[in-house]
Amino acid sequence: MVEVTIPNCYKQAIRSRDASKWRDAMDKEINVMMERKVWDLVDHPDNIKILENRWVYTIKYDENNKIVRYKARLVVRGNTQLRGESFDEVFQEYKLELSKVKSLKLRCYSDSDFATNRDDRVSMGGFITFIDETPISSRTFKQKSVSLSTMEAEYVSLTEAAKEFIWLKNVIDNKSLNLELSENVMFCDNQAAISFSKLPVENYRTKHIDVRYHFLRNLIYDKVFQIKYIGTKNNMADIFTKPMIYGRCRSHKSIRKPKTCLRKNPARIITDKGSAFTSSAFEDYCKKQNILHISITTGLPRSNGQIEKQNSTIIAVLSKLSVNDPEKWYSHVPHLQEILNSTFQRSIKMTPFELLFGTKRKSCQDIEIVELLNDETTAQFQEQRDALRQDAKKQIYKVQDENRRTYNLRRRQAYKYQLHDLVAIKRTQFGPGLKLKQKYLGPYKVTKVKHNDTYDVETCDFVDGPSKTSTCAEFMKLWPNQTNST
């Protein structure tokens, strides 16, 4: 197999033996730019330096190391830019990719907690919307009036949920997306509220309800969506209006014991910042057992020391396994873990079980303990396992290097912030009424420099944001009044 050399400039490309293929790639890039109207042709302004451009080339391969296509990109040479306005800004936009799915299911779960506020007896409402199996938006809110019955509280929550539902439906119905809704349903766990929303009949118990909440009836009459009954245990919005059971969210004993019994103590534990993991008891346990405990930084999984790529698969599988009893989702985790450990992984070219133990996994009926304890095969077994691990190590390094080069192709090194630097942090949580708010909050002061370009910060003044939080260089900027010292 003849190795193809990737050219470094335009002259090398047109003089190479694959010049025709590189020309086709460049023509394709120019045509795409013209179709998307990437530039506007204007006169050369006086006293303005024009940034030069260059061609960047690469080759895409498939899993069998065969060439799929020649790729060329016309980029601006940013190193020729003079220091001035927007010099430190990164202009690379993040891509938004839409799947090839043509039909979607839009579902919304609504729930309320009747008279939950002990001071004024106002009910709480909540809802969560899904597109297929993916949660899109959720909200918990305090209702604006006192409800006289659970039916009224549920009816008000349904109306608020319908507003979000209609907005998402209009987005999906946009003709430019070329998507269709095969199902649009709202779920409620109160039969009386469902009946009241479908039958425009008033009586002395319901005639006081504000007119604006009857907006829901109009939508049902026009068949914009359907309302169906769902049991309380299966209502996804139930957690937005009622507290979780104390033992499930506060205790870490049920989390740590099964793992240590099966595989002894791990080298590190990576968790979110739930109260079960930030408790002093859990921290003392980790220190006593010599376990490194890492709390995640929201929105930046790569800074946590591992890639959480399998989360999407795990969540989808657990949702389907626990569809009959969602509260018992944790009972399916060991079986799912067993399946994942027995699944072939492309990065190591074998299963994780085979990498760890040096043999393919078999069922309990096929395991022969005598063979595993045979002295004559022990040496051969160890040698084979070491060879497999060396091959897996080389393959992991190769895949890591490919992923690193692809990821860093159009990115720059992160700015290194120092202790006590004043910075602005990006707003990462949005809700109703925050769309037009400022995108950055501050000033914040850097209180701790952590690994992988992550930082702990705290406010220097009263700002519309958390007083203390953790963030990363990707979501930070120097405060305007502070000069750049690097």
Worksheet item: Amide H to amide H, which residues 5 or more places from W479 or on other chains are under 5 Å from it, using H placed in the peptide plane?
Response: L422, V423, A424
Discussion item. How would R205, R361 line up from fewest to most surrounding beta-carbon atoms within 10 angstrom?
Written reply: R205, R361
Worksheet item: For the residue pair I50 and K450, what label-to-label distance in nm results when each label sits 7 Å from Cα along the Cα-to-beta-carbon direction?
Response: 4.8 nm
Discussion item. Please compare each pair in K142/K163; K37/K439; K28/K49; K66/K398; K169/K223 to a cut-off of 22 Å on the Cα-Cα distance and tell me which ones are over it.
Written reply: K37/K439; K28/K49
Response to the item:
Residue separation between L41 and V201 times 0.36 nm, minus their alpha-carbon distance, gives in nm 51.1 nm
Worksheet item: Can you sort S182, S137 by how many other beta carbons sit within 10 Å, fewest first?
Response: S182, S137
Worksheet, complete the sentence: Taking alpha-carbon centroids only, the stretch 1-66 lies from the stretch 161-229 a number of Å equal to 52 Å
Worksheet item: Taking neighbour Cβ counts within 10 Å as the exposure measure, how do M236, M33 sort from fewest upward?
Response: M33, M236
Worksheet item: Under a plain spin-label model, where a point goes 7 Å from the Cα along Cα-to-Cβ, how far apart in nm are N8 and K437?
Response: 5.0 nm
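None of the figures in this text is laboratory data; all of them are computed from the coordinates on show. From a predicted model like this one, the values you see are computed outputs, not experimental measurements. When we count neighbours, we look across all protein chains shown, and the Cβ atoms used for this are built from the backbone with ideal geometry, even at glycine.
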